Amino acid sequence: MACMQSFDPPPPAGSAGPQPGAGRAAGGAPAGDHAPGAGYDPILASPWTRDATIRERVDWWVDYWRTRARDRFARALVRMGRYEEFVDAEVARRGLPPSLRYLPIIEASYYPRARSSAGAAGLWQFMPATARWMGLTVNSLVDHRMDPYLSTPPALDYLADLQKQFGSWFLALAAYNAGPGRVERAIRDHGGGAPRDDALFLRIRDRLPRETRDFVPKHLAAVRIARDPSSIGLTGFTRDPPWTFDEVTIDGAASIDVVAAAAGASLEAVGGLNPHLVLGLTPARTSTPVRLPRGAGEGFADRFAAIPPHERVTLAEHTVSPGETLSHIALNYRVSVGDLRAANPGVDPRRMQVGTRLVIPGKRTGTGPAVRAANPAPPRARPPPAREREHVYIVKRGDSLWLIARLHGVSLERLRSHNGLAADAVIRPGDEIRIPPTGDC
């Protein structure tokens with residue numbers, strides 16, 4: 001067990017000054033409203049924020065959040081309180097535009113477990129390949145995209161690199177949404193040799209995907225509302241206080257409920273601080289940092305060490321019988337072979353011995369230590385469904401309630417009921433749909 005560490009919100013980092021190109025008039029247009037200096041924001045200061053097309057779409061998004069998505073925006077602001085001091089410090093440390101603190105509002109409503117239909121996840125909505133390229137872990141047990149403290153630094157580094165590549169924050173934001181390759185192709189095919197600046201974004205905007213065309217106006221609208229929620233009558237909510245925590249190291253596999261019990265903390269609190277442990281389980285045969293509520297780390301090492309290793313996992317286990325293969329076991333429990341292998345990294349499928357105990361991912365059998373599962377009987381019988389946490393899905397273009405229900409294995413009626421939606425309800429890209437836990441009745 002490694003030494004405990006405690007983490008408080010970081011102090012504000014010093015300003016690194018304006019970014020390259022900051023304050024430069026885009027495309028020969030008049031200079032922006034704000035002079036470079038402390039707190040200068042080249043995104044908000046761009047003269048092209050006053051373009052009629054941009055202003056029209058900004059107004060549309062402001063009206064959208066003022067009416068149809070009012071509650072969702074309020075929830076995003078409440079959650080933002082947990083992470084904003086950390087995000088602000090990372091933004092300031094890099095000298096980036098302060099308004100980037102609001103980007104997770106439009107990406108994920110500041111919800112760490114948010115997923116898109118395309119496979120993006122987390123506050124910054126990374127695709128798996130992008131996250132792995134940035135050095136984040138993404139597998140069936142650990143998904144660092146959902147860890148705000150690990151995903152924020154590479155997200156901001158990526159945004160800074162995009163600004164350097166394109167020379168414009170409007171183009172950088174478009175590339176963040178659609179991918180730099182797509183924006184480069186649009187510039188090559190439709191840019192007409194114009195300088196790389198915010199004006200070029202407007203020149204190629206109609207050649208970009210619909211979601212990307214609106215990404216800059218949507219961001220500007222979110223900034224306007226988040227800075228002054230009362231401007232749309234959004235009052236009566238309180239932001240969550242900044243989260244502080246202790247960090248401990250868990251050696252080997254352990255269920256989050258066991259960790260919470262040893263820490264004397266609630267499962268909800270420990271799970272909220274560790275959304276990246278997607279199955280509520282630390283991996284076997286490795287050491288994993290785990291966050292606990294501030295103060296809960298004191299004496300944790302001794303209490304956790306007193307729990308026998310074989311009682312630290314409350315997920316279902318399977319004992320290998322003669323003739324069984326990993327594929328056969330995965331089929332019995334209705335899980336993928338890939339997920340089964342990820343949950344049991346020390347098991348070689350070609351040399352798996354009779355009596356080997358396997359952790360079955362996603363199949364929980366209890367809420368405390370020493371709760372174990374028997375082998376499935378009869379063969380291929382499906383174990384009782386796991387009780388999972390609710391998560392939030394962000395509607396994308398082409399989605400329907402029926403499709404979202406099918407993707408998440410819930411009935412259309414239950415999805416509507418859980419979200420208070422009528423049978424004729426219409427959903428639009430950017431809407432937030434709460435997915436009910438699969439274990440709920």
* Please list, in chain and number order, the residues 5+ apart from His391 or on another chain whose amide H is under 5 Å from its amide H, with Hs placed from the backbone. => Ile435
* **Carbon and sulfur %, accessible surface of region 138-227 computed with the full protein complex present, 1.4 Å** => 42 percent
* To do: Could you rank Trp402, Trp243, Trp124 by how accessible they are, 1.4 Å probe, largest area first?
  => Trp402, Trp243, Trp124
* Asked: If you plug each phi of region 82-91 into the Karplus form 6.51 cos²θ - 1.76 cosθ + 1.60 with θ = phi - 60°, what whole-Hz ³J(HN,Hα) values come out, in order, with x for Gly and Pro?
  -> 5, 10, 5, 5, 5, 4, 4, 5, 5, 5
* To do: Would you mind checking which residues have amide H under 5 Å from Phe126's amide H? H placed 1.01 Å from N; only 5 or more apart, or other chain.
  => Ala121
* Using the Karplus equation 6.51 cos²θ - 1.76 cosθ + 1.60 (θ = phi - 60°), what ³J(HN,Hα) coupling, rounded to whole Hz, does each residue of region 61-69 give in order, writing x for Gly and Pro? -> 5, 4, 5, 4, 6, 6, 10, 5, 10
* To do: List, in order, the whole-Hz ³J(HN,Hα) value for each residue of region 277-283 obtained from phi through the Karplus relation with A = 6.51, B = -1.76, C = 1.60 and θ = phi - 60°; use x for Gly and Pro.
  => 8, 5, 9, x, 9, 7, x
* Asked: If Lys396, Lys164 are ordered by their accessible area, calculated over protein heavy atoms with a 1.4 Å probe, which sequence runs from highest to lowest?
  -> Lys164, Lys396
* To do: With all protein chains present, calculate the accessible area of His408 using a 1.4 Å probe and round the result to the nearest 10 Å².
  => 40 Å²
* Largest to smallest accessible area among Leu136, Leu331 [probe 1.4 Å] -> Leu331, Leu136
* Asked: In terms of modelled amide H atoms, which long-range or inter-chain residues lie less than 5 Å from the amide H of Ala296?
  -> Asp246
* **Between region 166-224 and region 309-343, the Cα center-to-center distance that results, in Å** => 47 Å
* Roll a 1.4 Å probe over the protein chains and send me the accessible area per residue for region 240-309 in Å². => 38 Å²
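The values are calculated or read from the model by the stated rules, or taken from the named source; none is laboratory data. Computed from a predicted model, the values in this text were never measured in an experiment. Please note that ligands, DNA and RNA were not included when accessible areas were found on the heavy atoms of the full protein model with its side chains. Shrake-Rupley method; radii C 1.70, N 1.55, O 1.52, S 1.80 Å.
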